[in-house]
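The values are calculated or read from the model by the stated rules, or taken from the named source; none is laboratory data. Predicted model, so just to flag it, every value in this text is computed and none were measured. Reconstructed Cβ throughout: ideal geometry from the backbone, glycine too, with neighbour counts over all protein chains shown.
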Amino acid sequence: MIPQAFEYEQPESVADAIAILGKHGGEARILAGGHSLVPLMKLRLAAPDALIDIGRIASLRGITDTPDAITIGALTTHAQVASSEVIAGGCPILAETAAGIGDVQVRNRGTIGGSVANADPHGDLPAVFLALEGEATAEGPNGERTIAATDLFVDYLQTSLSQDEIVTSVRVPKAGRSAYVKFNRRAQDWAIVGAAAVVDGSSARIALTGVASKPVRAAAAEAAFTGSNAAEAAGHAADGLDPPSDTAASGEYRAHLARVLVRRALEAAMAR
Amino acid sequence: MAIATEQGKGIGQAVHRKEDKKLLTGKGRYVDDLKLPGMQHMAIVRSTHAHADITGIDTSKAKGMPGVTAVLTGDDLEFAAGVPCASNPTGDMVHPVRPPLAKGRVRHAGEQVAVVLATDRYAAADAAAMVEVSYSPLPAVITPEQALADGAPKVHEELDSNVGLVLAHKTDNVDDAFAKADVVVKHTIRNQRLIHVPIETRGVVADWNTASDELTVHSSTQVPHFLRTFLAIVCGVSEAKVRAIAPDVGGGFGSKLNAYAEEFIAAAASQKIGAPVKWIEERSEAMLATCHGRAQDAHMELAATKDGKVLAMRAHYVQDYGSYLQMLTPLISQLTLLMSPGAYATPEVDVTVTNVYTNTVPTDALRGAGRPEATHAIERMMDILALELGMSRTEIRRRNFPQEFPFTTAIGLMYDSGDYEMTLDKLLELSDSKDEFEKRRAEADGRGKLLGRGLSTWVEVCGFVPSDVARSALGLTPGGWESSTVRMHPTGKVTVITGTSPHGQGHATSWSQIIETELGIPFDDVEVIHGDTAFAPYGLGTYGSRSLAVGGTAVHLAATQLRDKARLVAAQMLEASSDDLDFEGGTFSVKGSPDKSVTMQEVAFRAWQAFDMPEGVTPGLDETVFFDPPNCVFPFGAHGCEVEVDKETGKVEITSYIAVDDCGNVINPMIVDGQVHGGVAHGIGQALYEGAVYDANGQLLTGSLVEYVIPTAVEIPSIQTHRTVTPSPTNPLGVKGIGEAGTIASTPAVVGAVCNALGVRDLDMPLQPETVWRAMQEGGAA
Amino acid sequence: MKRAVTISVNGVSHTTGVEPRMLLVHLLREHLNLTGTHVGCDTSNCGACTVWLDGMAVKSCTVLAVQANGSEVTTIEGVSANGDLHPMQRAFHETHGLQCGYCTPGMVMTAIKLLESNPDPSDDEIRRGLEGNLCRCTGYENIVAAVRQAASGVTV
């Protein structure tokens, strides 16, 4: 229940935040909404030397609408994503997914930047981000760079961000025919498996959460999709996957869910 | 002078609760809200091994941490006795001793090994993490199967094996009946290990005054008086110097029907350091350190005629005790044995219970305490028998109900009153006909859902317990009575002091309703004191759906005695004979001369002044009653559940739940409904979501509310409650209990519905989506 | 190293020194003696600790006190004015939406915000809106009835 002690910094700018990150040499963590990090710290499964609270940095907020894409500040909460008319209009899968994360209290604190930077293998947004082929903008001591979603998620809770980089915003292309389908045993829970499908004519981008150490693209299902054969394509959803087993579900069941949910996501996307 | 009383808040009314305002506004006082000057916070170091010898405890680093007052181990604290067990079903069962702080050996992961006392809880947590314990691991037995295997390592070396107790009851003609039967069905029903998860964990503030040797313990408990008695015994202090207080308690469900090591440790630590000690259990700690429940397998056989008449039952229950006996551990499976016949008149029974120690958290009472296990097993077997015979599940039950009450079962329990056909018929009236249901089943199939429905006809034993029965039949140390004082003050208000210890059940409201009906005193003029041993004469606490039947009766009897005395005083005041007085609306009046009257308030004032009292009548209006019930009570009913199962994922949704219950006369129907809602939701949790799981090394995998899943409002359906009223002949209020009924009735109704949807005989709880999916993969044919 | 935080709680400004690791719920309960907000778990599931932070329902066990520096917090002690019950509290009372009362403050805090954002919710929406608040006593039946009643504005 009680985290270990840590130093606490509250930088006013991204540059300051990066400098503090560098100072602690990998032993500091960024604190945004804190709803992945603080629970881990309370169980003493994480014990960083320092927390860098970026909550005051105004430049990390804001939703910007452009013709083909939407840029969302890293500190935008799930609740704000869920209720944004811009996002609902231009990229509804993102708004709908955000509306289903955790519960209302979690959504009021959890952020999109935190979600993609944390890369939780049960997280909803990373899978959707992957299926949208979004981009994350990160700032580090060497300046700013753009990381494609497909390059961002590396392994269990590991991204391609370096220790001293911060996600400052994410950018998602606009997409209409898309859907995210999430399966859990009980409300408020993490997904056991979730499937995101973005359909574009006769092709689809499909991503899964809960089936590997990170969110993954269902490449075989994508390759099999012709534009109208959701069931057939979904049959390949778990190809090449070896989903983990835990108290929530076995690997075999996760693979089965992947096939079911990919079909449902494709059908929902196609129906839009 | 008559004071008009506002009637309408007496027995039978759905009165809003007087407990609510403080709870709604955040002014409740739960144990963690209590702050005493100089109070230290206790954090507990717990075993990380399921079975091990402690080879060393290094407290040096911890002692040096900031804010630390003391670090104590089993060598530092003296106790006069071990953690108490008050249940000895045979009278000669050996009770292994559990020291409050482990000495030498630990027997489950989570057992208390050392404690840190510090000035605040953050410092205590830091220091606890710095205590270094070295262990020499021992081979462990995690399941009863392992514990029963030849050559299994023993959890308690002084015992011959890991079998803690065997109970048996066999009637004379069981084997004949099985031989003669047209059909025999056989199945093993599993009742999985559960964790209670009251939203408030346990907690205690112990305050030992070392100058006067008086000990005051505030504890989130269901049994403050038992706690006081056991504190005296275990900590070696005069019981007259101990005060135990249950503050507002945030739910118990049986988990706080106990006396725990932490309560004794906190008291002893307070004595040692001369300051109050607070311990508040963290949730992950609660999963490991508070008793678990259920963990019982039932190997069942029913022998029946082809017309569905059950001739005999064989039941072998295997109960996992866990590693130690807590206060009522042996009682639980004993209650299963006693209720094994369920709502049926099965004439021959052969029932045994084998109770086994394992290196896991001890088990004890969990809402229903042994009766859900019995009901689930027999209800599943009735469904299986119906399937085997091609009979309807309602018809087979009807054919086996007892017809006349009181009814004594083959086990020897006398069910006080009942009419099981009545509640079943009412359930059927409220449910769709078979044809309507089949239409909906076909429609659901088109949506990719399997529709199913299930029912349970249940009866249970509660209102614990006649003291003779407690001793002779159950082997319990304490009796089963309850006490109440009803006291009327000179200014006309009433205080009720009850030995019950409510933690959500609304006794202050219900007891006030009894007073309004019996004495004509307005509901709002009644105060109810509970949970403090300084006030109540002795109370056996709140559990086992006993408070109304036993505690409420004590209130009624004390009120009746008080009214009888008031009548004598009123007669004196009115210069009439006490037989010539009417009593109505709180006023005594002379028959035929209604203007010659006195109110209860006026009588109370006179009794306080005590002049010109009738011959032999003492001053005051203050009556105390100890009520020992002549029998337990037996509520009953029929529940029906409808589910939709997603054909692809196996996820179960309950689409309808109807409860028809008979708990005798009802004091507050709103409160009764609330108990049914909560009980049913708890049972749904067991049926579909919950299960405490250990790994092969005895580590609890379901160690937090992330892995141990209790239902949210989304998972629980709307629960429709209906009632019939068959008064109990056992007490003057005619009431039975209802607190556990919902939990007892619901698991078989839900599981039966899912089995009906899939067309299978049985499924092991919890029916998580994957379990159901696998069952569908394996083929649905029954 | 303690940090000074200034938080307005129920309209009253408080400045106090806290370790960065102090949870907001502990600041409220221990420093400010506002014990109406409860702790029920350690994994952010139960919601008993729900308060309003800058007008939004949050789990105060998962917010560091330092993160609330400069913010406004409302706890259960702050929802009613002048000693009267808030309509949601009154609805809980009238529908028997509480038994042991431990989950109740958090439940009420979430429920009030639920109606603010969705004044006429269906039962399903009510249940979904309360998914972050666990109750073990009531089976949720009367809690849903309370929110429904508060939404209708009808008092019994």
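Can you list the helices (runs of 4 or more DSSP H) lying wholly within the range B:348-443 that have 2 or more residues being modelled with pLDDT of 95 or more, surrounded by 16 or more Cβ atoms within 10 Å (Cβ to Cβ) and among the basic types (Lys, Arg)?
Numbers: elements: B:371-389, B:393-398, B:420-430.
Once the helices (runs of 4 or more DSSP H) in the range B:348-443 are filtered for at least 2 residues that are modelled with pLDDT of 95 or more, surrounded by 16 or more Cβ atoms within 10 Å (Cβ to Cβ) and among the basic types (Lys, Arg), what remains is B:371-389, B:393-398.
Which members of the range B:692-740 meet the condition of being more than 7 Å from every other protein chain (Cβ to nearest Cβ) and either under 24 Å from B:Ser323 (Cβ atoms) or without any contact (Cβ under 8 Å) to a residue 12 or more places away in the chain (or both)? Let's see the steps before the verdict.
If we filter the range B:692-740 for residues that are more than 7 Å from every other protein chain (Cβ to nearest Cβ), which is where we start, we get B:692, B:694-700, B:703, B:708, B:717, B:720-740.
B:Ala692, B:Tyr694, B:Asp695, B:Ala696, B:Asn697, B:Gly698, B:Gln699, B:Leu700, B:Gly703, B:Tyr708, listed by residue number.
Specify which of the listed residues (C:Gly47, C:Gly70, C:Gly40) is assigned to a loop (DSSP other than H, G, I, E, B), facing another protein chain (nearest Cβ under 7 Å) and in contact with a strand residue (DSSP E or B) (Cβ under 9 Å, 6 or more places away or on another chain). Spell out how you get there, then give the answer.
Values: C:Gly70 fails: facing another protein chain (nearest Cβ under 7 Å); C:Gly40 fails: in contact with a strand residue (DSSP E or B) (Cβ under 9 Å, 6 or more places away or on another chain).
Every option except C:Gly47 fails the conditions.
Can you name the condition, by its number, that C:Pro105 falls short on among (1) closer than 29 Å to C:His31 by Cβ; (2) modelled with pLDDT under 95?
Status for C:Pro105: all satisfied but (2).
Kindly establish whether B:Gly742 is out of contact with any strand residue (DSSP E or B) (no Cβ under 8 Å at 6 or more places or on another chain) and either within 20 Å of B:Val459 (Cα to Cα) or modelled with pLDDT of 95 or more (or both).
Numbers: out of contact with any strand residue (DSSP E or B) (no Cβ under 8 Å at 6 or more places or on another chain): no; either within 20 Å of B:Val459 (Cα to Cα) or modelled with pLDDT of 95 or more (or both): yes.
So B:Gly742 fails the test.
Could you name every one of the helices (runs of 4 or more DSSP H) located completely within the range B:107-190 that has at least 3 residues being touching a strand residue (DSSP E or B) at 6+ places or on another chain (Cβ under 9 Å) and farther than 23 Å from B:Arg314 by Cα?
Details: elements: B:121-128, B:144-148, B:174-180.
Per the criteria, B:121-128.
Residue under question is B:Thr55, and the condition is that it be within 18 Å of B:Phe264 (Cβ to Cβ), surrounded by fewer than 21 Cβ atoms within 10 Å (Cβ to Cβ) and not hydrophobic (A, V, I, L, M, F, W, C); does it hold? Show your work before the answer.
Values: within 18 Å of B:Phe264 (Cβ to Cβ): no; surrounded by fewer than 21 Cβ atoms within 10 Å (Cβ to Cβ): yes; not hydrophobic (A, V, I, L, M, F, W, C): yes.
Taking the combined requirement at face value, the residue does not satisfy it.
Looking at the range B:648-668, which of the residues that are under 30 Å from B:Gln513 (Cβ atoms) and within 10 Å of another protein chain (Cβ to nearest Cβ) is farthest from the chain's Cα centre (by Cα)? Break it down stepwise before answering.
Residues of the range B:648-668 that are under 30 Å from B:Gln513 (Cβ atoms), as a first pass: B:657-668.
Filter again for within 10 Å of another protein chain (Cβ to nearest Cβ), leaving B:657, B:668.
Details: B:Tyr657: 23, B:Asn668: 20 Å.
Looking at the filtered set, the residue picked out is B:Tyr657.
Looking at the range A:245-268, which of the residues that are in contact with a helix residue (DSSP H, G or I) (Cβ under 6 Å, 6 or more places away or on another chain) and assigned to a loop (DSSP other than H, G, I, E, B) is surrounded by the most Cβ atoms within 10 Å (Cβ to Cβ)? Explain how you work it out, then say what you get.
Looking only at the range A:245-268, we keep the residues that are in contact with a helix residue (DSSP H, G or I) (Cβ under 6 Å, 6 or more places away or on another chain), and these are A:245, A:249, A:253, A:259, A:262-263, A:266-267.
Going one step further and asking which of them are assigned to a loop (DSSP other than H, G, I, E, B), we end up with A:245, A:249.
Values: A:Ser245: 11, A:Ala249: 24.
The extreme case among them is A:Ala249.
Taking the range B:197-219 on its own, how many of its residues are touching a Ser or Thr at 6+ places or on another chain (Cβ under 9 Å), buried (at least 24 other Cβ atoms within 10 Å of the Cβ) and in a loop (DSSP other than H, G, I, E, B)?
The qualifying residues number 5.
Tally time: how many residues in the range B:605-616 are surrounded by 15 or more Cβ atoms within 10 Å (Cβ to Cβ) and either outside any helix (DSSP H, G or I) or touching a strand residue (DSSP E or B) at 6+ places or on another chain (Cβ under 7 Å) (or both)?
Residues meeting the conditions: 2.
In the range B:30-60, how many residues are closer than 30 Å to B:Pro139 by Cα and in contact (Cβ under 8 Å) with a residue 40 or more places away in the chain? Break it down stepwise before answering.
The initial filter retains those residues of the range B:30-60 that are closer than 30 Å to B:Pro139 by Cα, namely B:43-60.
Those still in the list that are in contact (Cβ under 8 Å) with a residue 40 or more places away in the chain too: B:43-59.
Qualifying residue count, the range B:30-60: 17.
Starting from residues that are part of a helix (DSSP H, G or I) and touching a residue at least 40 places away in the same chain (Cβ under 8 Å), keep the ones in the range C:101-111 and report whichever is nearest to the other protein chains (Cβ to nearest Cβ). Lay out the reasoning, then the answer.
Going through the range C:101-111, the residues part of a helix (DSSP H, G or I) turn out to be C:104-111.
Imposing the further condition that a residue be touching a residue at least 40 places away in the same chain (Cβ under 8 Å) reduces the set to C:105-107, C:109-110.
On the way: C:Pro105: 5, C:Gly106: 9, C:Met107: 10, C:Met109: 9, C:Thr110: 7 Å.
Here the residue is C:Pro105.
Among (1) in contact with an Asp or Glu (Cβ under 9 Å, 6 or more places away or on another chain); (2) touching a residue at least 40 places away in the same chain (Cβ under 8 Å), where does B:Lys493 come up short?
All conditions are met except number (2).
Across the range C:73-100, what is the number of residues that are crowded, with 24+ Cβ neighbours inside 10 Å and either acidic (Asp, Glu) or part of a helix (DSSP H, G or I) (or both)?
The qualifying residues number 5.
Where residues in the range A:230-249 are closer than 12 Å to A:Leu266 by Cα and more than 14 Å from chain B (Cβ to nearest Cβ), which of them is farthest from the chain's Cα centre (by Cα)?
For the range A:230-249, the residue satisfying everything is A:Glu232.
Could you go through the range B:58-70 and let me know if any residue there is part of a loop (DSSP other than H, G, I, E, B), over 26 Å from B:Val223 (Cα atoms), in contact with a helix residue (DSSP H, G or I) (Cβ under 9 Å, 6 or more places away or on another chain) and within 14 Å of chain C (Cβ to nearest Cβ).
Checking the range B:58-70: at least one residue is part of a loop (DSSP other than H, G, I, E, B), over 26 Å from B:Val223 (Cα atoms), in contact with a helix residue (DSSP H, G or I) (Cβ under 9 Å, 6 or more places away or on another chain) and within 14 Å of chain C (Cβ to nearest Cβ).
B:Pro478 versus (1) part of a loop (DSSP other than H, G, I, E, B); (2) over 19 Å from B:Gln13 (Cα atoms); (3) more than 19 Å from the chain's Cα centre (by Cα): which is the lone unmet condition?
That leaves (3) as the condition not met.
Quick check: anything in the range B:746-762 more than 10 Å from every other protein chain (Cβ to nearest Cβ), touching a Cys at 6+ places or on another chain (Cβ under 8 Å) and without any contact (Cβ under 8 Å) to a residue 60 or more places away in the chain?
Scanning the range B:746-762, I find no residue that is more than 10 Å from every other protein chain (Cβ to nearest Cβ), touching a Cys at 6+ places or on another chain (Cβ under 8 Å) and without any contact (Cβ under 8 Å) to a residue 60 or more places away in the chain, so the answer is no.
Considering only residues that are small (Gly, Ala, Ser) and surrounded by fewer than 24 Cβ atoms within 10 Å (Cβ to Cβ), look in the range B:706-746 and name the one that is nearest to B:His376 (Cα to Cα).
Just the residues of the range B:706-746 that are small (Gly, Ala, Ser), to begin with: B:713, B:718, B:728, B:734, B:737, B:739, B:741-742, B:745-746.
With the extra rule that they be surrounded by fewer than 24 Cβ atoms within 10 Å (Cβ to Cβ), the set shrinks to B:718, B:734.
Working: B:Ser718: 22, B:Gly734: 27 Å.
Looking at the filtered set, the residue picked out is B:Ser718.
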